[in-house]
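Remarks on the structure that follows.
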Amino acid sequence: MGVSETMRAVRIAEHGGPEVLELTEVAVPAPQAGEVLVQVSAVALNNTDLWTREGAYGRPGDPEALSGWRGPIDFPRIQGADVAGRVVAVGADVDEGLVGRRVVVDPAIYDSEGPDANPVGLMGSERDGGYAEYVTASAERVHDVTESPLTDDQLATLPTAYGTALGMIERGRLREGETVLVSGASGGVGIALVQIARARGARVIAISSGSKVDSVREAGAHEVVDRARDVAEQIRAAAPEGIDVALDVVAGDLVGEGLPLLREGGRWVVAGALGGYDVTFDVRRLYLHNAQVIGSSMHTPTHFGLLMNLARRAEIQPVVAATFPLDQAARAQEELARRGHVGKIVMHPRVVGRATD
């Protein structure tokens with residue numbers, strides 16, 4: 001299978017606004033031992049792309065410092081964590097039977113080799129990602145989805161958003177028949193949470209803006225709370241006996257307002273801070289009611305394997321809100337930042353008809 005010597009890629013050479021996204025021509029990376037080379041069919045955008053570009057993650061002891069997800073970025077960096085494509089070459093010690101297979105890449109860089117390893121880095125932040133025509137990845141982190149009925153665009157939406165969602169659901173120990181609250185329900189992670197929680201047999205109460213209520217309900221929410229009104233009052237009306245699990249990507253004031261709504265032994269899982277990272281709550285809501293606040297960062301290898309099984313059977317139906325060509329990466333990120341869409345935004349790095357060697 002022929003591979004070009006060079007490729008188009010979008011890189012950042014510094015933190016900043018969309019203007020720092022630069023379309024350039026670079027050498028196609030060579031897969032090292034234990035790696036594969038993937039021709040990128042589709043790459044999905046995430047909030048991590050915005051925050052990595054902006055350097056918005058801060059550092060321990062200095063929350064205002066410019067930083068990537070887990071520390072300083074090694075510039076220049078090709079962004080993009082969520083890749084679907086086809087294996088076109090393999091490095092040493094990798095099964096050549098992977099060549100030609102349709103794959104999704106697990107973008108996490110883990111702290112160990114075990115099935116329950118924790119992510120400590122991310123493709124597109126700690127290593128080059130999929131805003132390019134080709135990307136390398138560890139052979140252990142590519143999952144064969146050749147037989148999946150999902151489109152490449154749908155598959156590309158899965159790694160970060162659905163991986164994060166499944167990690168939250170697993171860490172929150174959500175069980176069939178429980179009542180679950182989902183914040184930020186119209187976003188990529190939110191829609192994933194709604195779909196997976198509904199598939200698990202939970203009763204789903206989602207928080208969203210009024211203009212997106214119908215779309216969130218179509219994704220599987222039983223009740224949708226309008227975030228422009230009194231959220232706590234609406235939740236009490238929808239779940240008078242309380243919430244078993246909250247799956248929260250907003251944080252901020254919602255945590256303090258929402259913890260009293262948990263049932264005995266309830267779990268509040270936080271995986272984002274769209275509403276602010278400074279949180280105040282009455283700690284008695286925890287120890288007097290055996291409640292838990294759980295931090296959840298992405299997924300483990302086990303979680304990702306479960307997600308890929310769902311994808312192979314098309315038990316989830318990702319929503320693609322819009323698609324862009326690679327040379328419109330800045331426009332795509334601006335669209336993501338406006339948060340006017342429901343679902344995921346996807347880019348297509350390849351130019352149709354581009355010659356290969």
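Keeping all protein chains in place, calculate the accessible area per residue for segment 246-357 (probe 1.4 angstrom), answer in Å². Please list the in-between numbers first.
Values: 5380 Å² over 112 residues.
Per-residue accessible area for segment 246-357 comes out at 48 Å².
So which chymotrypsin sites (Phe, Trp or Tyr not before Pro) in segment 221-311 pass both tests, a DSSP loop state and at most 14 other Cβ atoms within 10 Å of the Cβ? Display every interim value, and only then the final one.
Values: sites: Trp268, Tyr277, Phe281, Tyr287, Phe304; in loops: Tyr277, Phe281.
Counting only loop positions with at most 14 other Cβ atoms within 10 Å, the chymotrypsin sites (Phe, Trp or Tyr not before Pro) in segment 221-311 are Tyr277.
Read through the labelled values (1) 1.15; (2) 1.09; (3) 0.98 and report the label of the one computed as Cα Rg over 2.2 N^0.38 Å from the structure.
(3)
Once phi is turned into ³J(HN,Hα) by the Karplus curve 6.51 cos²θ - 1.76 cosθ + 1.60 with θ = phi - 60°, what whole-Hz value does each residue of segment 247-261 show in order, with x for glycine and proline?
10, 10, 10, 9, 6, x, 5, 4, 5, x, 6, x, 4, x, 8
With a probe of 1.4 Å, find how much accessible area segment 53-131 has per residue, and write the answer as a whole number in Å².
Numbers: 3420 Å² over 79 residues.
Accessible area per residue: 43 Å².
Considering only protein heavy atoms and a 1.4 Å probe, what is the carbon-and-sulfur percentage of the accessible area of the chain? Don't jump to the answer; show the numbers that get you there.
On the way: 7040 of 14980 Å².
Reported share for carbon and sulfur atoms: 47 percent.
Cα centroid distance between segment 84-145 and segment 189-232, in Å?
32
If each DSSP helix of 4+ residues adds -39,500 (n - 2.57) and the sum is divided by the residues in the chain, what number results at 222 nm, nearest 500 deg cm²/dmol? Walk me through the numbers before you get to the answer.
Numbers: 10 runs with 81 residues, N = 357.
My calculation for the chain gives -6000 deg cm²/dmol from helical runs alone.
Can you run phi through the Karplus equation (6.51, -1.76, 1.60; θ = phi - 60°) for segment 282-297 and list ³J(HN,Hα) in whole Hz, with x for Gly and Pro?
Couplings: 7, 5, 5, 5, 8, 6, 7, 10, 6, 8, 9, 10, 10, x, 9, 10 Hz.
Taking the mean number of other Cβ atoms within 10 Å as a proxy for protection, how do you rank 129-136, 103-110 from highest to lowest?
Working: 129-136: 27.2, 103-110: 25.1.
Peptide ranking by packing, descending: 129-136, 103-110.
Just to verify a number: FRET efficiency for Leu23 and Leu288, C-beta to C-beta distance, R0 = 56 Å, to 0.05? Show your work: numbers first, answer last.
Values: r = 56 Å, r/R0 = 1.00.
My answer for the efficiency is 0.50.
Which order, highest average first, do 305-311, 206-212, 178-184, 241-247 follow once you tally other Cβ atoms within 10 Å for each residue and take the mean per peptide? Write down the numbers at each step before the final one.
Values: 305-311: 18.4, 206-212: 21.1, 178-184: 27.3, 241-247: 22.7.
The most tightly packed comes first, giving 178-184, 241-247, 206-212, 305-311.
Please list, in chain and number order, the residues 5+ apart from Ala137 or on another chain whose amide H is under 5 Å from its amide H, with Hs placed from the backbone.
Amide H neighbours of Ala137: Val36, Val38.
The values are calculated or read from the model by the stated rules, or taken from the named source; none is laboratory data. For clarity, every value in this text was computed on a predicted model and none was experimentally measured. Counting neighbours? That spans all protein chains shown, and the Cβs are built from the backbone with ideal geometry, glycine included. Heads up: the accessible areas ignore ligands, DNA and RNA and are worked out on the full protein's heavy atoms, side chains in. Shrake-Rupley method; radii C 1.70, N 1.55, O 1.52, S 1.80 Å.
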